[in-house]
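Presented below is the structure to which this report refers.
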Amino acid sequence: MTVGGGQEDVEDSYPDTEAEKKATEELRATLSQDLGIASKRRDVLMPEFTITRQIEAPVEKVWEVLNDFGDVQRWSPGVTGSELTSDGPVSEGSTRHCYFAPIGGVNERIDRYEPNERMTVNLFETAKLPISGAVADFNIGPHDDGTKLTLHYSYTPNLLGRLLKGYTDKQMRKGIGGMAKALQRESERIAAS
């Protein structure tokens, strides 16, 4: 089921049709196989949603923003600071720490790195947040003289997140939606300069 409109579509966490259920299970299997992520009870362990956006910038400019992995606070709302915690050029296995306002933070690792196509970021350690982990899978490709972003996000609520289930999901969607919008804005800004 799709919620929203305009340039952004957000797919509901729980698919309705058999085709959607099959596609969701195939994605779960892929994530499980590729990243070692297991999800058996989607209502408790890994709620998920997908955001799509049309970005009026070439794929290379969108990748340039994503690939500036250690400086995400420059464009992502809510991230008050970020730093690379690994050495070498950004690639599969690169890590960073992000600080959030007003409190909290995460350690993240790139688990899949395909330049100008895909970056999968594993939030493997969290502090003072209602989740114990998450996966953000950014897929980009040329579309209508720009770039289509498909961002699949799944997360594991901790005890607090499970107690605040509806609120947690609403806040996760709002935060990740804001990040996708900010990625679009920054990519378009860079493309115009």
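Bear in mind that the values in this text are calculations on the coordinates, not laboratory data. Only a predicted model underlies this, so the values are computations on that prediction, with no experimental measurement involved. Here Cβ is always computed from backbone atoms with ideal geometry, including for glycine, and neighbour counts include all displayed protein chains.
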Long-range HN-HN contacts of Ser86 with modeled amide H, under 5 Å:
Thr95
In what sequence do Tyr167, Tyr113, Tyr153 fall when counting other Cβ within 10 Å, fewest first?
Tyr167, Tyr113, Tyr153
Classify region 42-118 as rounded, prolate or oblate from the Cα gyration tensor: take a ≥ b ≥ c as the square roots of its eigenvalues, call it rounded if a/c is under 1.5, otherwise prolate when a/b beats b/c and oblate if not.
rounded
